[in-house]
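Novice: Below is the structure I would like to discuss, written out as structure tokens.
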Amino acid sequence: MSTADFKFRPLAEPDLPLLHAWLQRPHVAERWGPAEPVEELREDFLSGGTTRAFMALLDGEPVGFVQSYVVMGSGDGWWEDETDPGARGIDQFLAHAHQLGRGLGRAMVRAFVARLFSDQAVTVVQTDPSPDNPRAIRCYAAAGFKAVGEVVTPDGPALLMRCWRAASPQD
Ligand SMILES: CC(C)(COP(=O)(O)OP(=O)(O)OC[C@H]1O[C@@H](n2cnc3c(N)ncnc32)[C@H](O)[C@@H]1OP(=O)(O)O)[C@@H](O)C(=O)NCCC(=O)NCCS
């Protein structure tokens, strides 16, 4: 699996029912919590703000969801110590349970991180899996992220992992 196989299409109104259906799948809901209704997804992702949401396409087919956000100034108790305007955060999932644990996630994350670093203003990319999500932690480590330490977020404990521009692996 190569990062080159992945493309990212900005989330759009016609994607909301599919995203809502994906969020109800047990392997996603287990990590992302109860699925928000379509109206809230629209408000979260399509009404401005600094969060950018994308459908991840593999060979043109939607296989996952990724979002990026500006870490500094996230608000609501998130990342209050961040002072670097170039820091971005990402969250993601694969949509199809039968595709987990086959290396797809690391290829998707690498491709998305490379896309973020194509913006010279971006200095570092972080992600914050639950400490009890070893599959995600191993995936992010394989994609070039280093564990910085455990933190407490408004969603509970998390392992903060960061990928600096120079550490971003190439295919
Ligand atoms: C997290 C996610 C994107 C990772 O993608 P993926 O394709 O499953 O991950 P990869 O196959 O690239 O890597 C998984 C790694 O975890 C390992 N792994 C798989 N299942 C595991 C388990 N139950 N316990 C421990 N390790 C596990 C794999 O062996 C692999 O590690 P290795 O190659 O070093 O041996 C995907 O699993 C997913 O969407 N999960 C559901 C939602 C979720 O957890 N989202 C992330 C929230 S932070």
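The values are calculated or read from the model by the stated rules, or taken from the named source; none is laboratory data. No experiment lies behind these values; they were computed from the predicted model shown. So basically every Cβ, Gly included, is an ideal-geometry build from the backbone, and we count neighbours across all protein chains shown.
Novice: Can you tell me which residue in region 18-32 is surrounded by the fewest Cβ atoms within 10 Å (Cβ to Cβ), limited to those that are in a helix (DSSP H, G or I) and in contact (Cβ under 8 Å) with a residue 40 or more places away in the chain?
Specialist: PRO26
Novice: What about ASP59, is it at pLDDT below 95, more than 8 Å from the ligand (Cβ to nearest atom), over 11 Å from the mean Cα position of the chain (by Cα) and over 24 Å from LEU41 (Cα atoms)? Quick ask: steps written out before the conclusion?
Specialist: Working: at pLDDT below 95: yes; more than 8 Å from the ligand (Cβ to nearest atom): yes; over 11 Å from the mean Cα position of the chain (by Cα): yes; over 24 Å from LEU41 (Cα atoms): yes.
Against the criterion (at pLDDT below 95, more than 8 Å from the ligand (Cβ to nearest atom), over 11 Å from the mean Cα position of the chain (by Cα) and over 24 Å from LEU41 (Cα atoms)), ASP59 qualifies.
Novice: Which one is nearest to LEU41 (Cα to Cα), of the residues in region 2-17 that are at pLDDT 95 or above and surrounded by 14 or more Cβ atoms within 10 Å (Cβ to Cβ)?
Specialist: Result: LEU16.
Novice: Hey, another quick one. Considering only residues that are out of contact with any strand residue (DSSP E or B) (no Cβ under 6 Å at 6 or more places or on another chain) and part of a helix (DSSP H, G or I), look in region 38-59 and name the one that is surrounded by the most Cβ atoms within 10 Å (Cβ to Cβ).
Specialist: Looking at residues that are out of contact with any strand residue (DSSP E or B) (no Cβ under 6 Å at 6 or more places or on another chain) and part of a helix (DSSP H, G or I), I get LEU41.
Novice: Do we have GLU36 as closer than 14 Å to GLN67 by Cβ and of a type outside the set (Phe, Trp, Tyr) here?
Specialist: yes
Novice: Residues ALA111, ALA35: which one is within 24 Å of ASN133 (Cα to Cα), in a loop (DSSP other than H, G, I, E, B) and not aromatic (Phe, Trp, Tyr)? Lay out the reasoning, then the answer.
Specialist: On the way: ALA111 fails: in a loop (DSSP other than H, G, I, E, B).
Going through ALA111, ALA35 in turn, the sole match is ALA35.
Novice: So, one more: Kindly provide the set of residues from region 141-153 that are more than 8 Å from the ligand (Cβ to nearest atom) and either without any contact (Cβ under 8 Å) to a residue 40 or more places away in the chain or of a type outside the set (Val, Ile, Thr) (or both), ordered by number.
Specialist: GLY144, PHE145, LYS146, ALA147, VAL148, GLY149, GLU150, VAL151, VAL152
Novice: Right, here's the next one. Check whether at least one residue in region 95-105 is outside any helix (DSSP H, G or I), touching a residue at least 40 places away in the same chain (Cβ under 8 Å) and either more than 8 Å from the ligand (Cβ to nearest atom) or among the aliphatic types (A, V, I, L, M) (or both), and report yes or no.
Specialist: yes
Novice: Please verify whether region 34-56 includes one or more residues that are among the charged types (D, E, K, R) and under 19 Å from ALA97 (Cα atoms).
Specialist: No, every residue in region 34-56 fails to be among the charged types (D, E, K, R) and under 19 Å from ALA97 (Cα atoms).
Novice: Another question, then. Can you pull out every residue in region 114-140 that is within 6 Å of the ligand (Cβ to nearest atom), over 11 Å from the mean Cα position of the chain (by Cα) and assigned to a loop (DSSP other than H, G, I, E, B)?
Specialist: Across region 114-140, the qualifying residue is only ASN133.
Novice: Here's a follow-up. Out of the residues in region 65-87 that are more than 10 Å from the chain's Cα centre (by Cα) and outside any loop (DSSP other than H, G, I, E, B), which is surrounded by the fewest Cβ atoms within 10 Å (Cβ to Cβ)?
Specialist: Among them, the one singled out is GLY75.
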